[in-house]
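In what follows, a structure is listed as C-alpha cells, so that the remarks can point back to it.
Every number in this text was worked out from the coordinates using simple rules, so none of it is lab data. These numbers come from a predicted model, not from an experiment. A quick note on method: Cβ atoms are made from the backbone with ideal geometry, for glycine too, and the neighbour counts reach across all protein chains shown.
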Amino acid sequence: MAKVLCVLYDDPAGGYPPEYARDAIPGIDHYPDGTTTPSPSAVDFKPGALLGCVSGELGLRKFLEDGGHEFVVTSDKDGPNSTFEKELVDADIVISQPFWPAYLTEERIAKAKKLKLAITAGIGSDHVDLQAAIDKGITVAEVTFCNSISVAEHVVMMILALVRNYIPSYQWVVKGGWNIADCVERAYDIEGMHVGTVGAGRIGLAVLKRLKPFDVKLHYTDKHRLPANVEKDLGLTYHPDADSLVKVCDVVTVNAPLHPGTEHLFNDTLIGKMKRGAYLVNTARGKIADRDAVVRALESGQLAGYAGDVWFPQPAPRDHPWRTMPHHGMTPHVSGTTLSAQARYAAGTREILEDFFAGKPLREEYLIVAGGKLAGAGAHAYTAGDATKGSEEAAEFKKAG
Ligand code: NDP
C-alpha cells in the first residue's frame, strides 16, 4: 500500500464554500486536438466543486482509503520544518499543483527514498528538479491539456485588460470618480496590433485562435513549426526565435514551459529589443522573465504593461516588486485553477493513480519523465535540467504572514 502526500493551497479565508455561484459546469469530453479529457473509472466529487484546496482534497480521499492507501494532505510546504518536508521521507507518491507548488528540489528528492511518482495536478512540472527525477528513476506526470484552454481565456482577458487600461478604470469607479481622461490616457484598441506568442503549443495555439476575430496580425515562435494549413487559416507569421518576434510585436504572450532553455528569457536584452510601449503577458512561469528587468522596463516606459499570474517563487514574498510595480495586471496563480479546470485535473490525477496502482502504463501524453529520461509531453516541450533553484525563498511568505 502506498503513502500519497498531497500539497494543496489553503481553503478560502472565509471557510470551505457551502454553495457555489453556479449549479453546474459544462461537460467537456474532448480537447481541441481530439484527445479525450481524463477518464478514471469513477470520481467521488461533483464537477464544479472547489477541489484544489486542502478541504477539497482533489476528491481523492475515499478512492485512496478504500484502496488501503495512506493519504496526507497539507498546504504547509516550505522550509525544513514544513509538514511536506517531514512527510516526504517515506512518501511513495507526491501530488502537487503549480499554483501552490511543493518544490521537489534535488535535496528533497535525496531525502525521499521511497518516492516513485510525482504527479502535477495541472500542467507545468518545473517545480520538480527534472534532472534529479531522471537520475533517481522517478516518474513525473502531469494532466496534459487539463487547463490549457482555461489559461488561453485568461491570456486574452489580460491582453485586453492591459491594452484597454481596464484595471485603473475599474478602480476609478470603486473610488467614486468619473475620471474619463485619467482612464483613457493609456487606453488603446488591439485591432490592427501585432500580437505574438512565444510557444504555440496547446495554450499558445488556443490564444492565437481566440485572437483571430479581433483583426490583429498574429505571430509565433516555437521549437516546432505548426502545420502549413494552421498557419494559413490563422494568417500566422512564423519567427525562428523570440528575438525576431519581439521586434515586430505590440503585444507578446509567453506560452512555453519553464526549462533551462527558457529561464530568464525575457531579460534586459530581450525586453530592450521589444517596441517601446509593448505589452508583455506571461501566464507560463514567472522565472521565464527576469524579475527586476520587468520592473525596470515598466518604470522606463519600455513596457507599457505587464500582466500574468505566475511568479517565482510561489507564493511570492510579500515585498515582491511585481506587487507594486507600475502598470501591471498581476493576479496570484489562478488562471489554470478555475472550478472548471479543477474538475478535469482532479479526474486526471485519479486516472494517473488508478493506472499506476494497476501497473498499467500512464497515458503517453501525461508523461514528463519516465524510465530515467524525458518522455511523452516532456520529451517534446522540455529540456532536461533543474529550474527549481531559489525556490527556498518561498518560505519567506510564511515567515512574514
Ligand atoms: P504545450 O507543451 O502544449 O506547449 C508548450 C509549447 O512551448 C510547445 O509547443 C513547445 O515546443 C514550446 N516551447 C518550448 N520551449 C520553447 C522555446 N524555447 N521557445 C519557443 N517555444 C518553446 O503546453 P501548454 O501550452 O499546455 O502549456 C504551456 C505552459 O504554460 C506550461 O508548461 C506551464 O508552464 C504553463 N501553464 C500555466 C498555467 C497557469 O495556470 N498559469 C496552467 C497551465 C500551463 P514544442 O513542443 O513544439 O517542442
_Quarter of the Cα convex hull surface for segment 1-66, i.e. its orientation-mean projected area (nm²)_ = 6.4
*Excluding residues on the same chain fewer than 8 positions from Lys46, give the lysines whose Cα lies under 21 Å from its Cα.*
Lys62
*For segment 200-341, state the average projected area of the convex hull of the C-alpha atoms over all orientations, rounded to one decimal in nm².*
8.9
*Rounded Å value of the spacing that divides the Cα centres of segment 240-275 and segment 105-123*: 30
*For every other residue with a beta carbon closer than 14 angstrom to the beta carbon of Gln131, add +1 if it is Lys or Arg and -1 if Asp or Glu, then tell me the sum.*
-3
*Using helices alone, what [θ] at 222 nm do you get for the chain, with -39,500 (n - 2.57) per DSSP H run of 4 or more residues, divided over all residues and rounded to the nearest 500?*
-8500 deg cm²/dmol
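Quick one: if you take sqrt(5λ) for each eigenvalue of the C-alpha gyration tensor of segment 156-243, what semi-axes come out, biggest first, whole angstrom?
Here the semi-axes work out to 33, 12, 11 Å.
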*When you have a sec, figure out the Kirkwood radius of the chain from all distinct Cα pair distances and drop it here in Å to one decimal?*
21.8
*Where a Cα-Cα gap under 24 Å defines reach, which lysines qualify for Lys275, not counting those fewer than 8 residues away within the same chain?*
Lys209, Lys212, Lys217, Lys223, Lys247, Lys287
*asked:* Can you give the FRET efficiency to the nearest 0.05 for Glu19 and Lys62, using r as the Cβ-Cβ distance and R₀ = 25 Å?
replied: 0.70
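In segment 321-365, how does Rg compare with the Kirkwood Rh, expressed as the Rg/Rh ratio over alpha carbon atoms?
That ratio equals 1.29.
Taking segment 1-84, which GluC sites (Glu not before Pro) meet the DSSP loop condition and have no more than 11 other C-beta atoms within 10 Å?
When the GluC sites (Glu not before Pro) of segment 1-84 are filtered for loop state and at most 11 Cβ neighbours within 10 Å, Glu19 remain.
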*In percent, what relative contact order does segment 1-81 have, based on Cα pairs under 8 Å that are 6 or more apart in sequence?*
50
*Find, to one decimal place in angstroms, the Kirkwood hydrodynamic radius of segment 39-105, where the mean of 1/r is taken over every pair of different Cα atoms and then inverted.*
13.3
*asked:* Using Cβ contacts closer than 10 Å as the measure, can you line up Trp178, Trp100 from fewest to most?
replied: Trp178, Trp100
*Which FRET efficiency value, to the nearest 0.05, do you get for Ala181 and Phe214 by plugging their Cβ-Cβ distance into 1/(1 + (r/R0)^6) with R0 = 25 Å?*
0.45
_Cα-derived Rg to Rh of segment 193-245, Kirkwood definition_ = 0.91
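Over all directions, what mean area does the Cα convex hull of segment 21-151 project, stated in square nanometres? Present the calculation step by step, with values, prior to reporting the outcome.
Numbers: hull surface 37.0 nm².
Taking the Cα atoms of segment 21-151, their convex hull projects to 9.2 nm² on average.
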*asked:* If I stretch the segment between Val334 and Asn81 completely, what's the gain in nm (0.36 nm per residue apart, minus their alpha carbon distance), one decimal?
replied: 88.4 nm
*Summarise the long-distance tail of P(r) for segment 117-188 by giving the % of C-alpha pairs beyond 19 Å.*
59
*So what's the gap between the Cα centers of segment 362-378 and segment 1-50, to the nearest angstrom?*
23
*Quote the charge dipole size of segment 274-356 about the Cα centre in Debye, to the nearest 20; the model charges only the Cβ of Lys and Arg (+1) and of Asp and Glu (-1).*
320
*Between Gly308 and residues 5 or more places away or on another chain, which pairs have amide H atoms under 5 Å apart, with H built 1.01 Å from N, and which residues are they?*
Asn282, Gly329, Met330, Thr331
*Take the Cα atoms of segment 291-374, build their convex hull, and give its volume per residue in Å³.*
158
